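Inspection log for the structure reproduced underneath, given as C-alpha cells.
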Ligand SMILES: Cc1cc2nc3c(=O)[nH]c(=O)nc-3n(C[C@H](O)[C@H](O)[C@H](O)COP(=O)(O)OP(=O)(O)OC[C@H]3O[C@@H](n4cnc5c(N)ncnc54)[C@H](O)[C@@H]3O)c2cc1C
Ligand code: FES
Ligand code: FES
C-alpha cells in the first residue's frame, strides 16, 4: 500500500496555498498541522461533533470528512478568515455577552454554523421566529460546556438584529447555493 | 483515528470512473460526499487501496423536470434536493424526507446517490425511492441499465450495484393530481437515523385509497413495503375504526429487528404509531396534522 503525495493548490482564507499532501490527510488536519490554523478543532473524526466545521466554496462542511486533496482548486475558509466579517463580528460579540461559550472548543464551529444559518435567513427572508429552527441548525454541533440555552439565545439575538435591518445584509455572506 | 493509506484518483468523467473500477476491482471505492465513507475510513472499518473521487463530475449533478418524471443526478447534494422547487412541487415526499437527514454541514456535502448506494437500513431516502417506485440508473462497462427501486435495495448496505458499476441518476415519477405523500420517523434526536420511519405515497379517490405504497425503514435490513396493510386499506376511506386493525396487518408485513435501540415489539408499536400519523394526512391533507416542516422553513 502506497502513501503517495499529491500536489494541491487551494485558496485558504483568501491566500493561495500550494502543498503536497498524502491522500489520507483530511482537510482539518491539513489546516491545523500544515497551515497552523488551529481555529477548527478535531473532536470525533467521524462527522458527529461538528468541531471541525469549515467553509468550502462558501458552504459549511465537516473538515474531518473531507480530504485535503479534494479541496484542490477550491476556496477554503476557517474561523480565522472570517475576522472582520460584520455578521461574524456581531455573532462573536453577542456570544461573549450571552456567555455562550466556556472552554471555546465548539465555538468556532458554532459561529460558522450560525453564520450560514443567519445569512440564509437574510437571503431568503424565510424566518419565522421559532427557536426550534435554531436548535435544529446547531444540533449538528456538540457543546460539552455551556448547555445550548445561551448559544440559542445568542444566535436568536443576532438573527433578530439582522432580520429587522435587511439593509445590513452581511458582507461576505456565504452563498449556500442558489435554489434550483 | 486516521485512515489507512490509500491512493487517490480524481475522475473527470463516468468513463474515468468505470475504467478505474475495471482496473482496481474490489480494491477501489468510489467517494461521493464522503459523509459515510470517510467515517468508515477514519475508523479503519474500510481499507480500500484507492479512492475514486467523483465530486468533479458535473454531469452527475442537477435536478431536471423531464415531463412525466424528474431526473436527479447521483451527485446532487442533499441541500440542493432539499431546496429544489421542482422536488418540492413534484416529489414532495423527498423534500420532506430531507428535513430528517442529518444536519446542515452534512447536507451540504452528502449526496443522494451516496445515500442510496450506502443503503443504510435506517436511512430515509432509500425508503422514499421504494415508496415512489423510482427507477435507478446504473452504468457499467457494458452500458447502462435501469433498476426499479424495489429491486435495488437488497439488504443491509447491499444494493444491486455490481462490482465495476456506479449509480448515475434516479428517475422519480411525478405526483399526479390524486397523488398524496407523507413521511415521518421516530429518532432519538432530529437529524439522526431513524429507529423506525415510514414513507407513504398514495393515489386517492377523494378520501378513499385507490393505491398505496407504505414503506418502512429502520425496521428490517432494507426498506419494507407493507403490502398486506395497503391491501386492507385500498378501496376504503380513512376512519378511526380502520386504525384499530392496523397493528395486526402490520405484523403480517413486518418482522422488526430486535437490537439495543429498540425491541421488535417496540418497533412494531412505532410502526403502528407512524401509520396512524401518516394515513390520516394522506386521507385529508388539510386536516389538523402538525408537521415539523411547516414551522421550519429556514434551515432547509
Ligand atoms: C453526523 C451524520 C449524521 C447523518 N445522519 C443521517 C440521517 O439521519 N439519515 C441518512 O440517511 N443519512 C445520514 N447521514 C449520512 C449522509 O446522508 C450521507 O451523506 C450519505 O449516507 C452518504 O452519502 P455520501 O454522498 O456522503 O456518500 P459516500 O460516503 O461518499 O459514499 C457512501 C457509499 O456509497 C458509495 N457510492 C457513493 N456514490 C456512489 C455512486 N454514484 N455509485 C456507486 N457507489 C457510490 C461509496 O463507495 C460508499 O460505499 C449522516 C451522516 C453523518 C456524518
Ligand atoms: S471532528 Fe469532524 S465532526 Fe467531529
Ligand atoms: S464551550 Fe466548551 S464545548 Fe462548547
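The values are calculated or read from the model by the stated rules, or taken from the named source; none is laboratory data. All values derive from a computational prediction rather than experimental measurement. Heads up, the Cβs are rebuilt from the backbone with ideal geometry, glycines too, and the neighbour counts pull from every protein chain shown.
Overview of results
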quantity: Search result, residues across region B:21-48 that are within 16 Å of ligand 2 (Cβ to nearest atom) and touching a strand residue (DSSP E or B) at 6+ places or on another chain (Cβ under 7 Å); calculated: B:33, B:37
quantity: Test for residue A:80: is it more than 16 Å from ligand 1 (Cβ to nearest atom), under 25 Å from residue A:28 (Cα atoms) and within 11 Å of chain B (Cβ to nearest Cβ); calculated: no
quantity: Region A:11-44, subset more than 11 Å from chain B (Cβ to nearest Cβ) and farther than 28 Å from residue A:104 by Cα, residue nearest to ligand 2 (Cβ to nearest atom); calculated: A:19
quantity: Inter-residue pairs, beta-carbon under 6 Å, first touching a residue at least 24 places away in the same chain (Cβ under 8 Å) and in region A:142-164, second outside any helix (DSSP H, G or I) and within 16 Å of ligand 2 (Cβ to nearest atom), 6+ apart; calculated: A:142/A:49; A:143/A:106; A:145/A:103
quantity: Region A:45-78 - residue that is free of Cβ contacts under 8 Å to residues at least 40 places away in the same chain and within 11 Å of ligand 2 (Cβ to nearest atom) and, of those, nearest to residue A:18 (Cα to Cα); calculated: A:63
quantity: Count of residues meeting criterion [facing another protein chain (nearest Cβ under 7 Å) and crowded, with 21+ Cβ neighbours inside 10 Å] in region B:1-41; calculated: 5
quantity: Members of region A:100-154 found to be facing chain B (nearest Cβ under 7 Å), closer than 22 Å to residue A:86 by Cα and either crowded, with 17+ Cβ neighbours inside 10 Å or modelled with pLDDT of 95 or more (or both), listed by number; calculated: A:113, A:116, A:117, A:120, A:121, A:127, A:137
quantity: Hits in region B:68-95 - residues which are at pLDDT 95 or above, in a loop (DSSP other than H, G, I, E, B) and more than 11 Å from chain A (Cβ to nearest Cβ); calculated: B:74, B:75, B:91
quantity: Answer from B:179, B:159 - the residue that is within 19 Å of residue B:135 (Cβ to Cβ), more than 16 Å from ligand 1 (Cβ to nearest atom) and without any contact (Cβ under 8 Å) to a residue 60 or more places away in the chain; calculated: B:179
quantity: Hey, residue B:80 more than 20 Å from residue B:171 (Cβ to Cβ), away from ligand 3 (no atom under 16 Å from the Cβ) and touching a residue at least 12 places away in the same chain (Cβ under 8 Å) or not; calculated: no
quantity: Residues of region B:175-192 that turn out to be touching a strand residue (DSSP E or B) at 6+ places or on another chain (Cβ under 6 Å) and in a loop (DSSP other than H, G, I, E, B), as a count; calculated: 1
quantity: Extreme residue, surrounded by the fewest Cβ atoms within 10 Å (Cβ to Cβ), among residues of region B:42-56 that are assigned to a loop (DSSP other than H, G, I, E, B), over 22 Å from the mean Cα position of the chain (by Cα) and touching a residue at least 12 places away in the same chain (Cβ under 8 Å); calculated: B:44
